[in-house]
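Derivation of every value follows stated rules applied to the coordinates shown; laboratory data play no part. None of the values given here were measured: they were computed from a predicted structure. Positions of Cβ are generated from backbone atoms using ideal geometry, with glycine treated the same way; all protein chains shown enter the neighbour counts.
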Amino acid sequence: MEKLILEGFMGSGKSTYGRELAKNLLIKFTDTDCEIEKKNQKTIANIFELYGEEAFRNMETDYLLEKSASLDKVEEIISIGGGMPVRSENRELMKKIGTVVYLKAEADFLKKRLRGKDNSRPMLAGDNKDEKIDRLLEEREDAYLDAADYVLHIDKKDLDSVINELKGILHGRRKGMREL
């Protein structure tokens with residue numbers, strides 16, 4: 001086993017599935033957004049408000065640079081922020097760190113999951129959330145696919161099914177299968 005990196009759009013369940021899988025396998029779980037918040041002693045929303053999106057994206061890249069330079073050989077599940085793969089440098093670093101799984105969900109599924117959520121997600125702040133989701137999904141899709149070693153469709157699957165498929169990837173039973 002190695003490091004498994006979960007990428008996907010906000011609301012796709014990266015943290016939920018990652019935390020559950022790590023708990024199930026008794027291995028380390030890391031959420032990059034939480035790590036950035038801890039390091040900066042600010043919420044992601046505060047970072048966006050005080051320093052802007054570009055500064056936050058730089059913090060994401062710095063996190064990946066530190067992780068890739070580390071000699072840490074601990075088995076780990078890493079949940080990354082939804083915009084992290086947009087930078088090509090980040091995609092390269094992610095692949096260097098571990099196996100990347102794109103948790104793919106359709107726009108309607110994500111809209112339903114994100115509807116009524118507070119505005120702690122800076123990229124969806126304000127009105128027209130559905131339009132923002134459609135636009136961001138379209139903008140990010142190629143980056144998600146480029147980074148992914150595997151694409152796992154999650155919108156019609158329950159938690160246990162997704163966890164079992166992720167275990168299969170981790171244990172090498174899914175070699176050569178890209179779309180799941």
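Observations on the model:
- Calculated [222 nm] ellipticity per residue, helices only, for the chain: -16500 deg cm²/dmol; basis is -39500 (n - 2.57) per DSSP H run with n ≥ 4, divided by all residues, nearest 500.
- Here's how it looks for residue 98: its modeled amide H is under 5 Å from none belonging to a residue 5 or more places away or on a different chain.
- Subset of 42/132; 95/156; 67/111; 42/167 violating a 29 Å alpha-carbon distance limit: 67/111; 42/167
- Packing, taken as the mean count of other beta carbons within 10 Å per residue, orders the peptides 48-56, 9-17, 90-98 from highest to lowest as 9-17, 90-98, 48-56.
- The distance between label points at residue 35 and residue 128 comes to 3.5 nm (points 7 Å beyond Cα on the Cα→Cβ vector).
- Cα→Cβ-extended label distance, 7 Å offset, between residue 139 and residue 70, nm: 2.9 nm
- Proximal aspartates and glutamates relative to residue 104, as straight alpha-carbon distance under 15 Å, when same-chain residues fewer than 8 apart are discounted: 7, 134, 138, 139, 141, 142, 146, 149, 155, 158, 165, 179
- Phi angles of the range 77-94 translate, via the Karplus equation with coefficients 6.51, -1.76, 1.60 and θ = phi - 60°, into HN-Hα couplings of 10, 10, 9, 9, x, x, x, 4, x, 4, 7, 4, 4, 5, 4, 5, 5, 4 Hz per residue; Gly and Pro are given as x.
- Label of the coordinate-derived value, mean projected area of the Cα convex hull in nm², listed as (i) 14.4; (ii) 12.5; (iii) 9.8: (iii)
- Pairwise Cα inverse-distance average, inverted: Kirkwood Rh of the range 41-94 (Å): 12.2 Å
- Under 5 Å from the amide H of residue 151 lie the amide H atoms of 102, 179, 180, each residue being 5 or more positions distant or on a separate chain, with H modelled from the backbone and absent for Pro and chain starts.
- Residue exposure sequence - 100, 86 - by fewest surrounding Cβ within 10 Å: 86, 100
- Contact order normalised by residue count of the chain, Cα under 8 Å, 6+ apart, percent: 32 percent
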